[in-house]
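Notes follow the structure.
Read-outs: derived from the displayed coordinates by stated rules, not from any lab. Computed from a predicted structure; not experimentally measured. In this analysis, Cβ positions are derived from the backbone assuming ideal geometry, glycine residues included, and neighbour counts consider all displayed protein chains.
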């Protein structure tokens with residue numbers, strides 16, 4: 001199986017079909033035309049989003065290798081793993097893949113795989129819409145184009161439903177502080193305005209309380225969090241998903257008990273981080289979960305003594 005790659009200025013992956021019914025082709029994130037003579041049957045999926053997408057469109061049995069962080073779905077855990085952070089071309093090639101899926105940051109390995117005659121498709125989805133398009137493209141390469149189109153359409157339908165409900169909300173968008181790591185509580189890691197999670201928050205009806213941070217992920221001072229005084233705290237950091245336990249933990253940090261979100265009990269700890277961080281088909285589920293957490297039903301939230309949902313920015 002050969003891959004034809006020719007440069008273009010395309011910044012997003014696009015799905016195409018060849019005039020030859022036996023040929024399969026897409027344009028990847030590098031603007032390269034990746035063409036296969038037949039659907040890939042031995043795929044190396046080197047990021048969790050790829051693995052999830054392949055199983056979701058019905059190509060799980062065509063995956064022969066996954067990165068070590070690919071832990072969903074359960075059926076994929078039987079597959080051998082390699083380190084997706086530091087990719088060994090030799091190790092991947094030993095599994096005789098007829099297609100390797102890489103993220104943009106790993107495109108330095110594209111040439112090495114090409115020298116071995118192994119087709120590579122590179123993806124770099126930075127938005128919800130781009131993830132849906134990526135899934136459609138991956139489905140083309142594994143011979144399940146129809147399933148890919150249906151899944152991408154489902155993701156768009158979920159997004160349209162959520163954004164329609166947000167548009168009908170009379171309240172202003174609540175500010176949300178997102179914490180992804182608190183190993184150092186004085187310098188926690190958060191997300192900036194270029195992160196995919198920021199887009200999901202906005203689609204779900206919220207806004208990033210620290211959107212002045214430009215980088216997708218960055219460390220900030222605890223003082224910055226306190227000054228932002230968010231309406232909600234969204235915990236994507238490792239640890240228990242038990243809300244009460246995490247509330248106690250946060251309340252013990254210097255100054256955090258006075259945060260509006262903590263004082264009013266507006267802590268979101270139950271959302272699985274993988275649903276909103278991984279660039280795969282479960283983003284739709286994550287988007288819905290974020291919306292439901294920001295705008296829960298009155299039955300769930302209207303307890304005696306609760307403060308109003310939103311007070312100020």
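At the listed q of 0.12 Å⁻¹, the Debye profile of the stretch 180-257, built from one uniform point per Cα, gives log10 I(q)/I(0) equal to -0.32. To the nearest ten degrees, helix 145-167 and the longest principal axis of the Cα atoms of the chain are 20 degrees apart.
Counting 0.36 nm for each residue step from residue 187 to residue 288 and taking away their Cα separation leaves a gain of 33.4 nm. Across the chain, the mean sequence separation of Cα contacts (distance under 8 Å, 6 or more residues apart), normalised by length, yields a relative contact order of 15 percent.
Against the chain, whose longest principal axis is taken from its Cα atoms, helix 283-294 shows a tilt of about 0°. Dividing the convex hull volume of the alpha-carbon atoms in the stretch 36-83 by its residue count gives 68 Å³ per residue. For the stretch 232-270, the residues whose amide N sits under 15 Å from a probe point set 7 Å from the Cα of residue 85 along the beta carbon direction are 238.
Rg/Rh, computed from the Cα trace of the stretch 74-178 with Rh as the Kirkwood radius, has the value 1.10. Working note: Debye formula, equal point scatterers on the alpha-carbon atoms of the stretch 92-244, no solvent; log10 I(q)/I(0) at q = 0.09 Å⁻¹ is -0.44. Label positions at residue 96 and residue 111, each projected 7 Å from the Cα along the C-beta direction, are separated by 2.9 nm. With the simple model of a label 7 Å out from the Cα in the direction of the Cβ, residue 171 to residue 214 spans 3.3 nm. Can you give the angle from 0 to 90° between the axis of helix 128-141 and the longest principal axis of the chain, with both taken from C-alpha atoms, to the nearest 10? Result, in degrees: 20.
What ranking do 45-53, 249-257, 164-172 get when scored by the average of other Cβ atoms within 10 Å per residue, highest first? Don't jump to the answer; show the numbers that get you there.
Values: 45-53: 27.0, 249-257: 14.7, 164-172: 10.8.
By packing density, highest mean first, the sequence is 45-53, 249-257, 164-172.
Pairs of alpha carbons in the stretch 163-294 separated by more than 24 Å make up 21% of all such pairs. The relative contact order of the stretch 172-301, computed from alpha carbon pairs under 8 Å that lie at least 6 residues apart in sequence, is 26 percent. Stokes-Einstein at 37 °C, 0.692 mPa s, Kirkwood radius from Cα pairs: D for the stretch 14-156 in µm² s⁻¹? In µm²/s, the coefficient rounds to 222. Residues 71, 28, 229, ranked from the fewest to the most other C-beta atoms within 10 Å, line up as 71, 229, 28.
Can you pull a Stokes-Einstein diffusion coefficient for the chain at 25 °C (0.890 mPa s), Rh from Kirkwood over Cα pairs, as a whole number of µm²/s? Walk me through the numbers before you get to the answer.
Values: Rh = 20.8 Å.
Diffusion coefficient, whole number: 118 µm²/s.
Our helix-only sum for the chain, with -39,500 (n - 2.57) per DSSP H run of n ≥ 4 divided by its residues, gives a mean residue ellipticity at 222 nm of -9500 deg cm²/dmol.
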